[in-house]
1. Only four residue types carry charge here, +1 at the Cβ of Lys and Arg and -1 at the Cβ of Asp and Glu. Report the dipole size of segment 1-67 about the Cα centre in Debye, rounded to the nearest 20.
2. How many nm separate the modelled label positions at His63 and Glu80, each set 7 Å beyond the Cα in the direction of the Cβ?
3. Step through the residues of segment 9-26 one at a time and calculate ³J(HN,Hα) from phi using the Karplus curve (6.51 cos²θ - 1.76 cosθ + 1.60, θ = phi - 60°), rounding each to whole Hz and writing x for Gly and Pro.
4. Sum up the charges of everything whose Cβ sits under 12 Å from the Cβ of Ala57, counting Lys and Arg as +1 and Asp and Glu as -1, but leave Ala57 out.
5. Under a 1.4 Å probe, what is the accessible area of the chain per residue, stated in Å²?
6. Can you tell which of Asp72, Asp40, Asp28 shows the greatest fluctuation in a Gaussian network model of the chain with Cα springs below 10 Å?
7. In segment 25-74, which GluC sites (Glu not before Pro) are in a loop and have at most 13 other Cβ atoms within 10 Å, using DSSP for the loop call?
8. In debye, nearest 20, what is the charge dipole magnitude of segment 33-93 about its Cα centre with +1 on Lys and Arg Cβ and -1 on Asp and Glu Cβ, if you could check?
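The values are calculated or read from the model by the stated rules, or taken from the named source; none is laboratory data. Here the structure is a predicted model, which is why all the values come from computation and not from measurement. So basically every Cβ, Gly included, is an ideal-geometry build from the backbone, and we count neighbours across all protein chains shown. Note: accessible area is taken over every heavy atom of the protein model, side chains too, but ligands, DNA and RNA are not part of it. Shrake-Rupley method; radii C 1.70, N 1.55, O 1.52, S 1.80 Å.
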Amino acid sequence: MGSWLVQRRLSQNALRLKSLRAELAELDEQLSVVRSDADDEAIRSMVSETPDASRAANEARKHADALQRHRDHVAGSIAELEQRQDELLDRLTG
């Protein structure tokens, strides 16, 4: 593979990594807030012992779990791109 092609792929990879890292930082902040809200809803549910409060707590927990799954997916994508970057760098120097 030509070095210009490897360099181009490295450049594209770096842009994608930058974007995903920014998204991950944003997700971490959002997840902190959503988890806190879910914890608050769980406490309200225990205190009030009403079906509505229980549903609200359940929905908040589901939302936090979904956001966590998305965060894990983004983190996995970053790991894959970092591995790809290492492979491209090896090709460029090897």
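1. 760
2. Those two pseudo-labels are separated by 2.9 nm.
3. 5, 4, 5, 4, 4, 5, 5, 5, 4, 4, 5, 5, 5, 5, 5, 4, 4, 5
4. Charge balance near Ala57 sits at -3.
5. Value returned for the chain: 71 Å² of accessible area per residue.
6. Maximum among the listed residues: Asp40.
7. Answer by residue number: Glu49.
8. Roughly 120 debye, rounded to the nearest 20.
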